[in-house]
Amino acid sequence: MSPCSRRHPFAHTVIPQPDLTQNIAPGAIHDSNERCDAPKCMEETRVAVQEDIMSWIEAGGQDAQPKKIMWVTGPAGTGKTAVLGTIADTCKEKGTLAATFFFSAFFGSVDRRTKRCFVPTLAFQLMGLGGEETREHVLWLAARDQGIIFTKNLKEQFIAMVLKPLLSRAQEQDSSANAAPRVIIIDGLDECDIIQNDPADPVHAKAQPIRRKEDEQREILSLLLLAATNPSFPFRILIASRPEVAIRDFFATDGKACTQELFLDDKYDPDADIALFYNAKFSTICRHLGIRPEKWPGKEAKLILVENASGQWIYAATVVRYIEGSPHSPKPHSQSSDKPSTPHQRLQHILAQQKVRSSHNPLEALDELYRLVLETCPDPDFSMKWLRAAQLEYRNFRLNTEWRDHFPVWLLRLILEASPGEEQYALGSLSSLLPTQISKENSLKPYSFYHKSFLDFIADPTRCGKSFLTEGEALTWVAQRFFQTLDKHVEVVVRHSDQESYPFLLERLTGLQKSSFQTVVPYILSSDLQKWAAAWAGWHKNPDSKVRVNSWYIIVWMLDVLHRGCPRYLCHSSCRLSTKKVIDVLKAKGWNVPNFTQVLRREWKGRLRYGGLRLPQGTPTG
């Protein structure tokens, strides 16, 4: 019996009984392996801001009216994550760290991008501070009624798993004891994104108001404020984010009485710290190259770089990574041999970009740097296509919940590499912006980037300029490459541990714009659709039910993609020809194919045209 809705096959998979560890985000904890390369403050830098934060944490009950929340904020690239990561390490050494959660919308696991694992992750860390009774209480909540606590709203989770155990423990302890104050650290709150219910799930099919990510962020802030306003709550709460409107509004209204704001501006003399950073990094480069530091790069060059940074640490870090270069960068072709290849040439390339900048645009120098790095690629347009393809989102379903995710590295390599080595050709010169040597383990994840500001840059036509590529243009290029590389897909996908990403990609291609679909048609007509269909149609006998369901969705979505450029109820000749190739193979393999009237009826209802397709008789049902 075939599926009959557009819902993804794994949205209804039976999930084992939940426990706490299945619902936490280990990568969001400050000292996780996922954050092993996360930025930290270099020794002797950011001293003043660290001292201000540590003084606030350690003041404890010494203040007459202590504010239990501190909000560290500032523009993109000012080093908020590095500061909080360093503070977390310091507090851990001093025994004053209670828990951490580092959100990230562009790096690491998907659980760091939304609120879903926020409360369980805090509860997991706080268990160790509350004694055996608290630990047993939290574990009992996690296991009770098949983990029903994880289906509750965020406030109910927070009260049950965090607030009640902590307040109960605080009442049992001697209130006169002068215990060392502890802190909960939350970084990157502005990167907490939206999470929606699966619209195809009948349980959640009722009309619900669409939430924005700002609603999710305010919900988290409301929980933290609820804790901070309780006199018995034993911790301080340190939060870092960009000064986004919704967050700033919250701290200016509801949270104003409980919050101390720390803005990373010129008061903390970032230029002096950035100069120390450059000195240390250039000394390392000189040592590797056998150059005397007093000879290169020179005081004037470093002063220009400090001025260009305008207090933005991301500018300084990107400059250094660019000058250092990567041994894996592709060799420039003869016609582009003028592109810089040595550290000195790269430095001169940056210094040559001096222009009169608008004083009101602090991102101008950073944008110039990003454009410069992109121009060093052998084919900047090709690199931009790959980068934008890496940022295409798709609907990922998990526990009947919709996530927005990016496609994993292994799948993009499979789809986009029309010839070996094209990934390194596209990205090898961009090692200052993202890791370009990716392990097998990390290839199961989306591409990661060193800083969100670069993703903001390539998504903004006013900043990116002539290199800008719309999402529709990127998707069209992916579709062209998809059919260009079609022959090698089946053999790789069916043996891959992450094979469900492939049908997600096909579903994403059903979003192609009709106006641009004609540029994809030549690639479709030149591909071997019969061979592809025969391979997938044959997998219905596989004993693995996941492979069988996958093959059904892959074929059904492919038939929708082939029809994408046609007017409603009317097929172009290319669609009829391509669709017939697939249908003929399915019939030969014993699949039950719906007739033309059934297909039109499903299309009229807005459903998958070939959603009535049925697997052959005798297909395993387990």
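The values are calculated or read from the model by the stated rules, or taken from the named source; none is laboratory data. The structure presented is a predicted model; accordingly, all values stated were derived computationally and were not measured. Here the Cβ positions follow ideal geometry from the backbone for every residue, glycine too, while neighbour counts run over all protein chains shown. Areas reflect the complete protein model, heavy atoms only, side chains present, ligands, DNA and RNA absent. Shrake-Rupley method; radii C 1.70, N 1.55, O 1.52, S 1.80 Å.
If the cut-off is 23 Å between C-alpha atoms, which lysines fall inside it for Lys452, apart from same-chain ones fewer than 8 positions away? List returned: Lys40, Lys80, Lys115, Lys213, Lys281, Lys385, Lys466. Annotation: amide H of Arg113 within the under-5 Å range of Ser104, sequence separation 5 or more or interchain, hydrogens built in the peptide plane. If R0 equals 45 Å, the separation of the Cβ atoms of Leu226 and Lys466 corresponds to a calculated FRET efficiency of about 0.35.
Multiplying the residue separation of Lys92 and Ile210 by 0.36 nm and removing their Cα-Cα distance gives an extension gain of 38.5 nm.
Distance between Cα centroids, region 546-575 to region 408-426: provide it in whole Å. Going from one Cα centre to the other spans 25 Å.
The shape of region 420-535 comes out oblate: with a ≥ b ≥ c from the C-alpha gyration tensor, a/c is at least 1.5 while a/b does not beat b/c. Here the extension length gained between Asp37 and Ser526 equals 171.6 nm, from 0.36 nm per residue of separation less the Cα-Cα distance. The 3J(HN,Hα) values that the Karplus relation (6.51, -1.76, 1.60; θ = phi - 60°) gives for region 437-449 are, in residue order, 10, 10, 5, 4, 4, 6, 6, 7, 10, x, 4, 9, 10 Hz. Gly and Pro appear as x. Exposure check, 1.4 Å probe, all protein chains in place: Thr510 carries approximately 20 Å² of accessible surface.
Once the Cβ-Cβ distance of Asp265 and Ala301 is raised to the sixth power relative to R0 = 22 Å, the FRET efficiency obtained is 0.30. Computed on protein heavy atoms with a 1.4 Å probe, the accessible areas place Lys445, Lys152, Lys299 in the order Lys299, Lys152, Lys445, largest first. In this structure region 32-155 gives 43 Å² per residue of accessible area when probed at 1.4 Å with all protein chains present. Annotation: amide H of Thr100 within the under-5 Å range of His30, Ile185, sequence separation 5 or more or interchain, hydrogens built in the peptide plane. Close amide H contacts of Arg182 (hydrogens built in the peptide plane, cut-off under 5 Å, sequence separation of 5 or more or a different chain): Arg236.
Specify whether the C-alpha gyration tensor of region 467-622 places it in the rounded, prolate or oblate class, a ≥ b ≥ c being the square roots of the eigenvalues: rounded for a/c under 1.5, otherwise prolate if a/b is larger than b/c and oblate if not. Oblate shape, in that a/c is at least 1.5 and b/c is the bigger or equal ratio.
Solvent exposure of Trp313, expressed as accessible area, is near 40 Å², computed with a probe of 1.4 Å over the protein chains only. In order along region 289-297, phi translates into HN-Hα couplings of 8, x, 9, 6, x, 6, 8, 8, x Hz, rounded to whole numbers, per the Karplus curve 6.51 cos²θ - 1.76 cosθ + 1.60 with θ = phi - 60° and x for Gly and Pro. Length gained on full extension, Glu133 to Asn595, computed as 0.36 nm times the residue gap minus the Cα-Cα distance: 159.9 nm.
Cross-link reach is defined here as a Cα-Cα straight distance under 17 Å, omitting same-chain residues fewer than 8 places apart; for Lys587 the lysines meeting it are Lys531, Lys541.
Is the shape of region 34-131 rounded, prolate or oblate, going by the alpha carbon gyration tensor and its root eigenvalues a ≥ b ≥ c, with a/c under 1.5 for rounded and a/b larger than b/c for prolate? Judged from the Cα gyration tensor, region 34-131 comes out oblate (a/c at least 1.5, b/c at or above a/b).
Computed over protein heavy atoms with a 1.4 Å probe, the carbon and sulfur contribution to the accessible area of region 365-474 reaches 48%.
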